[in-house]
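The structure appears right after this line, and notes come after that.
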Amino acid sequence: MERRSFIGKSVAMGLLPSFPKSFEHSQIINNTDKITVEKHVNGQPHKGKVLAAIQPHNDDIALFAGGTVAKLIQEGYTGYLIRTSNDDHAGRGATVGEVIHNNEQDNERVAKALGLSKVYDLGYRNHRMDNISIQELRGRLIFLFRLLKVDTIITYDPWGHYEENPDHYITAMAVESARWMSAGRLDYPEHFETGLKPHAAAERYYFARGPQLVNRIVETTQNIDTKVHANAVITTQGPGGEAGARLKKSLSEKGKRLPILGDDDKTANANYIKHFVLDIDSQRMRGVPSDKEIGKPYGLEWAERFHYIGPEPSKLSTYIEEHAVDKKP
């Protein structure tokens, strides 16, 4: 299917402002660009490759790219989770210290749920990342990209629109510039004395809560339950966690029940995330269309959308191969 899609809506998690209907799911069609549908691949074709899932807060990757991360790990990637903020302004806890601690524990659970090997917490203040030195953040990311030899990055889109959270757009901009600079031989040359080498990730999967260029749809049908679980373990903040059990209890106190929630708290939490957070009420809760609605035009049960940037094939080498002739003696 050929089209360029600028899809989305800007919603602050927790604040949930309303927007005109005309803004929801907005699209601009352009037949000169193609959307690639990335489906499940059997085996482990990506074995030996490294993935960095980068999020400002502990629920970002799980909410917007959990299925894709799980899919790529299943297909052979070794993955790492990098969190740039300490989440001190979001979630459960009687004190700021408790909030930070609870979020740190949830972040570790997210990594485990998605099959990621290690967590790197950079620890910047939540909602204040526009006050930090982006050069410092960039330098730390360059070090990690070289250290881990990252091949693929998943994070917020640095060109996404109408994003009100400074942590999101500062992280996104720092990631993109760090990915580019990490390939340079003159940027942070002291790294090379430790044995590191210039290295740049060849692939990026960028997601956004607002309008963005969408050129890749990733099927997540086989990994939807892993995505659900990754959102269920985040009990400190976000729309998932134990919200299903709380709704089940609230309805029971009123003499009502929702059959879709099931009969126990664990089932209620999972079904609430799967059917409401990721589908029926996705636009309000996450600020993006339902994962089911994203997949439907492509015949997929569940899917996620991205602005994907990959390696450009060399037209010069192809031209040389086709046109080069033997040099005359």
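The values are calculated or read from the model by the stated rules, or taken from the named source; none is laboratory data. For clarity, every value in this text was computed on a predicted model and none was experimentally measured. Ideal geometry is used to build each Cβ from the backbone, glycine not excepted, and the neighbour counts take in all protein chains shown. Only protein heavy atoms, including side chains, enter the accessible area calculation; ligands, DNA and RNA are left aside. Shrake-Rupley method; radii C 1.70, N 1.55, O 1.52, S 1.80 Å.
Summary table below
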| item | result |
| --- | --- |
| Computed helical MRE - 222 nm, the chain, DSSP H runs ≥ 4 contributing -39500 (n - 2.57), nearest 500 | -10500 deg cm²/dmol |
| Tail beyond 25 Å, pair distance distribution of the stretch 54-170 (Cα, percent) | 21 |
| Under 15 Å from Lys197, Cα to Cα: aspartates and glutamates that are on another chain or at least 8 residues apart | Asp151, Asp187 |
| The chain - accessible surface per residue (Å², probe 1.4 Å) | 49 |
| Ranking by accessible area, most exposed first, for Lys296, Lys328 with a 1.4 Å probe | Lys328, Lys296 |
| The stretch 251-329 shape via C-alpha gyration tensor axes, a/c threshold 1.5 | prolate |
| For Leu258, distant residues with modelled amide H under 5 Å away | none |
| Equivalent-ellipsoid semi-axes of the stretch 136-259, from the Cα gyration tensor, Å, largest first | 39, 16, 15 |
| Accessible area of the chain belonging to carbon and sulfur atoms, whole % at 1.4 Å probe | 52 |
| Hits among aspartates and glutamates - C-alpha to C-alpha of Lys296 under 13 Å, sequence gap 8 or more where chains match | Glu219, Asp279, Glu304 |
| Burial order of peptide ranges 114-126, 67-79 (average beta-carbon count within 10 Å, highest first) | 67-79, 114-126 |
| Highest-fluctuation residue, Phe192, Phe143, Phe207 considered, GNM on the chain with Cα pairs under 10 Å | Phe192 |
| Structure-derived Rg and Dmax of the Cα atoms in Å: which label, when the choices are [x] 21.1, 95; [y] 23.6, 75; [z] 19.2, 65 | [x] |
| Distance between the stretch 119-156 and the stretch 228-301 - C-alpha centres, whole angstrom | 31 |
| Principal-axis tilt of helix 243-253 within the chain, Cα atoms, nearest 10 degrees | 10 |
| Residues of the stretch 123-147 with amide N under 17 Å of the 7 Å Cα→Cβ point at Glu164 | 127-130 |
| Members of Lys112/Lys274; Lys71/Lys315; Lys49/Lys327; Lys112/Lys266; Lys34/Lys71; Lys227/Lys248 lying beyond 29 Å, as alpha-carbon distances in this model show | Lys71/Lys315; Lys49/Lys327 |
| Prolate/oblate/rounded call for the stretch 213-289, Cα gyration tensor, a/c under 1.5 rounded | prolate |
